[in-house]
Amino acid sequence: MGQQVVGQKGVASVYAAPLASGLSHRVVTEYLNPGGVALFAQRGIAMRYDHVITAIDPFAKRATYWTPNGAVVLNGGMSRAILPMRVPKAVRNSPLPW
């Protein structure tokens, strides 16, 4: 799975990114952070890098991540996972991909 926001109304939010660089799209990263993770910090969203989601327990309201230092569990009232997007196989195997 891809990036995820874990949070709860009135409680600090966390942006857990699977990459050490944060966001996976360079253009979006440059738009949001012209000199760092300024936009997230301004909105009170903590960044957690190298967090690859491995499980979600909706009843306990927690998400488990693999990190280079071992498993990490984040608790929160709301989890939103953004799945990786991939071009359909027909396009990948055609002359169209760049």
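The values are calculated or read from the model by the stated rules, or taken from the named source; none is laboratory data. Values in this document were obtained by computation on a predicted structure and should not be read as measured data. Here the Cβ is made from the backbone with ideal geometry for all residues, glycine too, and neighbour counts use every protein chain on show. Note: areas computed on protein heavy atoms with side chains; ligands, DNA, RNA excluded. Shrake-Rupley method; radii C 1.70, N 1.55, O 1.52, S 1.80 Å.
Quick notes on this one:
- Search result, residues across region 57-71 that are in contact (Cβ under 8 Å) with a residue 24 or more places away in the chain and touching a His at 6+ places or on another chain (Cβ under 8 Å): Tyr65
- In region 73-98, the residue that is modelled with the highest pLDDT out of those that are within 14 Å of the chain's Cα centre (by Cα) and open to solvent by less than 70 Å² (accessible area, probe 1.4 Å) is Leu74.
- Subset of region 47-63 that is loosely packed, with under 15 Cβ neighbours inside 10 Å and out of contact with any Phe, Trp or Tyr (no Cβ under 6 Å at 6 or more places or on another chain) - its residue that is farthest from Ser21 (Cα to Cα): Phe59
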